[in-house]
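What follows is one structure encoded as structure tokens, with my remarks underneath.
The values are calculated or read from the model by the stated rules, or taken from the named source; none is laboratory data. Treat the numbers as computed from the prediction; the structure is a model and nothing was measured. Cβ sites come from the backbone with ideal geometry, for glycine too, and all protein chains shown count toward neighbours. What goes into the accessible areas is simple: the full protein's heavy atoms, side chains included, and nothing from ligands, DNA or RNA. Shrake-Rupley method; radii C 1.70, N 1.55, O 1.52, S 1.80 Å.
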Amino acid sequence: MPTSSHARAAELHNLAAHAHLAAAAHHGKEDHLSGHEHSRQALEHSAKAYELSQEAHRESAQLAGEKEN
């Protein structure tokens with residue numbers, strides 16, 4: 001069964017949160033290079049999660065429109 005856009009977006013939001021925590025830990029240890037890399041990963045995951053959330057919203061709206069007809 002294919003993974004829904006909602007589930008994949010949630011997974012990416014969790015990955016982004018984990019990357020943010022890792023970035024904060026590295027910055028706290030003054031390992032700014034690793035912290036920057038984790039921050040970049042967090043941004044990448046967040047952006048993809050946003051795209052999938054928008055896709056899921058469009059799919060839900062389309063299905064709701066089809067049920068009305």
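If I ask for residues that are among the acidic types (D, E), surrounded by 12 or more Cβ atoms within 10 Å (Cβ to Cβ) and under 19 Å from S4 (Cα atoms), which ones from segment 39-69 would you list? Give the derivation first.
Initial filter on segment 39-69 (among the acidic types (D, E)): 44, 51, 55, 59, 66, 68.
Checking which are surrounded by 12 or more Cβ atoms within 10 Å (Cβ to Cβ) leaves us with 44, 51, 55, 59.
Residues satisfying the conditions are E51, E55, E59.
Every residue in segment 1-45 that is aliphatic (A, V, I, L, M), within 30 Å of E59 (Cβ to Cβ) and within 18 Å of the chain's Cα centre (by Cα), please. Before you say what the answer is, go through the steps one by one.
Here is the first cut: in segment 1-45, the residues aliphatic (A, V, I, L, M) are 1, 7, 9-10, 12, 15-17, 19, 21-25, 33, 42-43.
Of the ones still in play, those that are also within 30 Å of E59 (Cβ to Cβ) are 1, 7, 9-10, 12, 15-17, 19, 42-43.
A7, A9, A10, L12, L15, A16, A17, A19, A42, L43, listed by residue number.
Exactly one residue out of H26, H6, H36 is open to solvent by 70 Å² or more (accessible area, probe 1.4 Å) and modelled with pLDDT of 90 or more: that is H36.
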